[in-house]
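Undergrad: Can you read through this structure? Questions will come right after.
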Amino acid sequence: MHSSLLGAPVRGFAPFKQHKQGVQARVVLPRAAQPLRLAGVVANAGASGSRGLVRVSAAAPAATTAAPASPAAPATAQANGAAPARSGLVKDAPTFQEAIAKLQQYWASVGCAIWLPHNTEVGAGTMNPATFLRVLGPEPWNVAYPEPSIRPDDSRYGDNPNRLQRHTQFQVILKPDPGNAQELYLGSLEALGIDTRSHDVRFVEDNWESPVLGAWGLGWEVWLDGMEVTQFTYFQQAGGRVLDAPAVEITYGLERIMMALQGVTNFKDIRYAPGVTYGEMFYQNEYEMSCYNLDEAEVAGQRARFELYDKEARRLLSKRLPIPAYDHLLKLSHTFNLMDARGAVGVTERAECFAVLRGLAREITGLWVSRREELEHPLGLIPPPALPSPQRPAAPASAEPRTFVLEVGGEELPPDDVVSAVNQLRERVPALLAKLRLGHGAIHVEGTPRRLAVVVEALAAAQTSEESKVRGPPAKQAFAADGVTPTKALEGFCRKNGVEAGAVFKEADPKGVEYVWAVVKDAGRPAVEVLTDELPGLVGGLAFKKSMRWNPGTGAASPAFSRPLRWLLALHGDTVLPFVYGTLQAGATTRVLRNAASPTLPVPSAEAYLPALAAAGISLPGAGRAEAIWRDVVAAAARVGGVVPEATRGDLLEEVTNLVEAPSVVMGSFSPDFLALPSEVLVMVMRKHQRYFPVFTADGKSLLPHFITVANGPIDPAVVANGNEAVLRARFEDAAFFYREDLKQPLQDFRPKLSGTTFQKELGSLLAKSDRVEKLVPALAAAVAAAAPSQAAWASPAVLDVAVAAAHLAKADLATSTVTEMTALAGTMGRHYAAKQGLPAAVSEAVFEACLPRQAGDLLPSSPAGVLVAVADRLDSLVGLFAAGCAPSAATDPFALRRAAYGMLQTLVTNKVSVSLKAAVAATAALQPIPVSAQVQTDVLTYLAGRLEQLLGDGGAPAEVVRAALAERGDDPALVAATVEQLKAEWEAGDGGRLRKVMAAFSRPTRIVRGKEVPPASVAVAPALFEGEEEKALFAAYSEARGKVTSASTVSEWLAAAEPLLPAIDKFFEKVFVMCEDQAVRANRLALLRDLAALPRGVMDLSQLPGF
């Protein structure tokens, strides 16, 4: 999750829900409330006796005067330079306090109670007991409230225009899900004056999980013209408890929204009330609390408070008082956040604090649920959802083949889930139709964020007839003693299969047991009937990485899916297939864009489905949607003389394609002044945070001050461009703020700050770790140089001086503001700042390479200095953490040691750098601040062997080939990788290849000496004891081969040495009896075979290969 640059929802290390931000000010009495601008909502703020929400139909938002642009024409806004002076998104935008009042009035009008902010610090509105405790249990709960959200780590002394330590959230809880929560939310935007016909409003995947609280939920960030304005989550679990009724949580970041609505670029300029700005109200608070959070909060005192709050919370639990116990849990959380802001919490202490918080959260929520049960649930119980009445489809009017359509519609699926579901359906639908004996033409399966669609051309009206032979009961059980009268067993068989008793016949099975049989003729059922029965299983069989419930209860009424399903359409020709899934029944209605004049659309027949979607502006085919987006993106870039790198055609294009179903390409611009920032920063913000396509000069080397975004549906291009430009400007301004702060001192000066962050309690700070890595580099370089004569230069001053200098600075950028805010830039900014400091290019590049690889498929270090530092850093982590008892388990890997080991081995293998892992681990162990036993070193080597086996297997080599090479050369990853490739090639030559022939010959001496009393290796073969020429010939051939083989021999060289042995081996076994009576001769022959079987040693273990 990215950090906010607009006082936005962010996630961090704070133990509670950290993805929602905003500063809650105390409410100043608002002016008289303005009438709501929402269409279709029945105001019932004064109603009593009802806890329910007024459900908004899927009608369009209130009409506006702005005409949306045609979706067909890609829009380009501000294509020729810097963005103009910013204007607000809304004319006559409300003040801050008016916005709160409007939201309160709106949500009250649809059935929510207005709650109050909590009276102690919370990191997010989620932690108000009105959310975290009330989502538990079976009682209904619909509330809305503003909430001060305190984030000490976001303290900026009021200097950052977009970042505050005290933010305002507006929180809404809807329990149970009303079925139209997204439409209700869009109505609230209209209440704020936002015209959803002109703006690009999108729901972009954002999942929340807090293992600390035993809580998680699935949902979205809501983007308004590229700006994240709201978090929208379906709570699934809290306090380790699966919720009886999943609750909808909607969290607005008010500062962010109001800056956009009012068109201001600094929080201080927000109009808080008539004649009063936000800065005038809160700047002093922001400055002084920042001083406290970052400078004055005394760490030892905070740790003492943490212990006191923990103790008091547990005492209150013993008194069965969950609410005051929960308040102390909140105090614990805030205390932790203060220590974290002071940089006083390392990985181990963080884990210990989280364990305390997690345990308390589980106990408190359990007690809360028990207390509500004791009170007999004063708010009543949520009734179970109503299930539709099962119906059978009408008889088709024609027996001719017709088109079949299945549409599974709902709230926005994550892009990966769209791809996954489409692939599953493409595999399962043809199999289902084959199983059902339904003839058909072409099958098309497509998906968008809001729909999965299956279109089958020319689907038969009925199943094909089938005749099958069915076995019944044994003949002696099928008839009475007279051999003619049917028994009840036979009668039941006949009823089940629709045959007469006289039609059965007897036949013996292969074992001679006589059974009765019948020929059963199945004329087939109508397609609409069999599909109505089978479609629930097809929909329910779709699997996702993460699934959720949205209806209360369990069982058929509360199915799980990636996101809530809201409609089903199933048609064969003009016949509806009314199957039921969850609380939905399939019909002949689809839904189109939410801001369409008619968001729901009747579909008269399956053949009319695709034309109806196209007419509504929805591009259903994924490949066509992607191609259209790419074509328009390239064209838009060309209009400003730029290009979009082909590399963005991969993951970024796929993600954007599945974020929209009616793409509209919009060009935006930013001030050329921002090009002074490192291009990596700008590109990361555009691509990763905003899903924009950056525009480069024609040669692809430099950025242009333009970007391209893809909106969903018909929008006002100028409005959307302006909004996205404002978002990007704020993000760039935030990045520029951090960058300027960082440049005030050289990279070297950030390094001491690493002492304030604990790497691991027993292993010390990040600074101590950095020191160890710096000391390890020379020892590692010596080990590399010793591993192969060709690597002697690795220990030379030319390499070593660069590597040591890079190791000294490799982690310094972790203390910079830019990397603190954008952690993915670690290493990238280190390289940049090192270059700014005037260090040699080789050192700067090695600083960057020390972080590689950062994830699967990433770049790998390539320079000798970069390889040394990257490998040394990962070795230090592995050895030290294993010694500290932090080795990964099957379930947990908190220090990401699997990734560290894999990346380290991948670096050595890819760069073909030989080194003894045993020597490298020993050198690392000698530098650790705690004892590293021989057993721990062995454990590390065993762990690395497992990761190396995985790496080599991922390269496509058979597991047996990998094990054969690892058994002899596993200490040198580069050597074993080369051996695997060579051995794989020989293995794939098959039975006619030389490897199989050598294996066949060498298997004989190996099998003979296995389990026998063989002389030890110290006992040499005695030629004087040979009795036949075959023994002499084999020994001579062996001796010649032994002289050609070394520990560095390639597989090909070994086979070339071993092949001449084959005739001698064959003749030996033809003529020589090994286990003769003469004990000395027998022992001598076994010694010869012992040496022969050991010839592959140091190269490969042939016994690991199949057939040996």
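The values are calculated or read from the model by the stated rules, or taken from the named source; none is laboratory data. Computed from a predicted structure; not experimentally measured. Virtual Cβ from ideal backbone geometry, glycine too; neighbours counted across all protein chains shown. These area figures cover heavy atoms from the full protein model, side chains too; ligands, DNA and RNA do not enter into them. Shrake-Rupley method; radii C 1.70, N 1.55, O 1.52, S 1.80 Å.
Undergrad: Residue under question is G447, and the condition is that it be assigned to a strand (DSSP E or B) and surrounded by 23 or more Cβ atoms within 10 Å (Cβ to Cβ); does it hold?
TA: yes
Undergrad: Then there's this: Failed condition for D310, given (1) free of Cβ contacts under 8 Å to residues at least 40 places away in the same chain; (2) part of a helix (DSSP H, G or I), with all others met?
TA: It is condition (1) that D310 fails.
Undergrad: Here is a further query. Can L800 be described as farther than 22 Å from N911 by Cβ, out of contact with any Leu (no Cβ under 7 Å at 6 or more places or on another chain) and at pLDDT 95 or above?
TA: So L800 does not fit the description; no.
Undergrad: Are any residues in the range 131-187 farther than 18 Å from A238 by Cβ and β-branched (V, I, T), and if so, which ones?
TA: I150, T168, listed by residue number.
Undergrad: Quick check on the range 971-983. Is at least one of its residues within 45 Å of the chain's Cα centre (by Cα), open to solvent by 20 Å² or more (accessible area, probe 1.4 Å), among the hydrophobic types (A, V, I, L, M, F, W, C) and over 24 Å from L1086 (Cβ atoms)?
TA: yes
Undergrad: Okay, moving on. Inside the range 1038-1065, can you point out the residues that are among the small types (G, A, S), touching an Asp or Glu at 6+ places or on another chain (Cβ under 8 Å) and surrounded by fewer than 15 Cβ atoms within 10 Å (Cβ to Cβ)?
TA: Correct list: S1052 only.
Undergrad: Suppose the filter is open to solvent by less than 10 Å² (accessible area, probe 1.4 Å), in contact with a Leu (Cβ under 7 Å, 6 or more places away or on another chain) and either small (G, A, S) or assigned by the TED database to the domain that holds A922 (or both); does K811 pass it?
TA: Spelling it out, it is not the case that K811 is open to solvent by less than 10 Å² (accessible area, probe 1.4 Å), in contact with a Leu (Cβ under 7 Å, 6 or more places away or on another chain) and either small (G, A, S) or assigned by the TED database to the domain that holds A922 (or both).
Undergrad: Another one. Of all the residues that make up the range 310-325, how many are within 38 Å of the chain's Cα centre (by Cα) and open to solvent by 60 Å² or more (accessible area, probe 1.4 Å)?
TA: Final tally of qualifying residues: 3.
Undergrad: May I pose another question? Is there a residue in the range 155-170 that is out of contact with any helix residue (DSSP H, G or I) (no Cβ under 7 Å at 6 or more places or on another chain) and either surrounded by 22 or more Cβ atoms within 10 Å (Cβ to Cβ) or assigned to a helix (DSSP H, G or I) (or both)?
TA: Looking through the range 155-170, none of the residues is out of contact with any helix residue (DSSP H, G or I) (no Cβ under 7 Å at 6 or more places or on another chain) and either surrounded by 22 or more Cβ atoms within 10 Å (Cβ to Cβ) or assigned to a helix (DSSP H, G or I) (or both).
Undergrad: Name the one entry in A698, A718, A711 that is open to solvent by 30 Å² or more (accessible area, probe 1.4 Å), aliphatic (A, V, I, L, M), under 30 Å from L613 (Cβ atoms) and in contact (Cβ under 8 Å) with a residue 40 or more places away in the chain.
TA: A718 is the lone residue from the list that is open to solvent by 30 Å² or more (accessible area, probe 1.4 Å), aliphatic (A, V, I, L, M), under 30 Å from L613 (Cβ atoms) and in contact (Cβ under 8 Å) with a residue 40 or more places away in the chain.
Undergrad: If we keep just the residues of the range 783-795 that are without any contact (Cβ under 8 Å) to a residue 60 or more places away in the chain and closer than 20 Å to V773 by Cβ, which is most open to solvent (accessible area, probe 1.4 Å)?
TA: Top of the filtered list is A795.
Undergrad: Hey, any hits in the range 421-437 for a residue that's assigned to a loop (DSSP other than H, G, I, E, B) and surrounded by fewer than 21 Cβ atoms within 10 Å (Cβ to Cβ)?
TA: Yes: one or more hits.
Undergrad: When you scan the range 222-280 for strands (runs of 3 or more DSSP E) that lie fully inside it, which ones turn up with 2 or more residues that are open to solvent by less than 30 Å² (accessible area, probe 1.4 Å) and touching a strand residue (DSSP E or B) at 6+ places or on another chain (Cβ under 9 Å)?
TA: Those strands (runs of 3 or more DSSP E) span 227-238, 241-253.
Undergrad: With at pLDDT 95 or above and more than 18 Å from D876 (Cα to Cα) as the only criterion, which of L983, L927, L917, L944 stands out?
TA: L983
Undergrad: Out of the residues in the range 122-154 that are of a type in the set (S, T, N, Q) and assigned to a helix (DSSP H, G or I), which is nearest to T265 (Cα to Cα)?
TA: Only one residue fits best here, namely T126.
Undergrad: When you check L213 against the structure, is it assigned to a loop (DSSP other than H, G, I, E, B) and within 22 Å of the chain's Cα centre (by Cα), yes or no?
TA: So L213 passes the test.
Undergrad: Sticking with this structure for a sec: Could you count how many residues in the range 850-873 are open to solvent by less than 30 Å² (accessible area, probe 1.4 Å) and touching a Lys or Arg at 6+ places or on another chain (Cβ under 9 Å)?
TA: So the count comes out to 4.
Undergrad: From the list K506, K521, which residue is open to solvent by 80 Å² or more (accessible area, probe 1.4 Å), modelled with pLDDT under 95, closer than 30 Å to A461 by Cα and in a strand (DSSP E or B)?
TA: Only one candidate qualifies: K521.
Undergrad: If a residue has to be within 16 Å of G903 (Cα to Cα) and either buried (at least 21 other Cβ atoms within 10 Å of the Cβ) or touching a Gly at 6+ places or on another chain (Cβ under 8 Å) (or both) to count, how many in the range 952-970 make the cut?
TA: Total meeting the criteria: 1.
Undergrad: State which residue pairs qualify: first residue basic (K, R) and inside the range 874-894, second residue surrounded by fewer than 19 Cβ atoms within 10 Å (Cβ to Cβ) in any location, beta carbons under 6 Å apart, and separation of 6 or more residues or different chains.
TA: Close Cβ pairs (under 6 Å, with a partner that is surrounded by fewer than 19 Cβ atoms within 10 Å (Cβ to Cβ)) do not exist here.
Undergrad: Which count do you get for residues in the range 985-1023 that are touching a Lys or Arg at 6+ places or on another chain (Cβ under 6 Å) and part of a loop (DSSP other than H, G, I, E, B)?
TA: Number of matching residues: 1.
Undergrad: Right, here's the next one. Within the range 554-609, work out how many residues are assigned to a loop (DSSP other than H, G, I, E, B) and hydroxyl-bearing (S, T, Y).
TA: 6
Undergrad: Pick from G1043, G1098: which is in a loop (DSSP other than H, G, I, E, B), closer than 30 Å to A977 by Cα and small (G, A, S)?
TA: Testing whether each residue is in a loop (DSSP other than H, G, I, E, B), closer than 30 Å to A977 by Cα and small (G, A, S) leaves just G1098.
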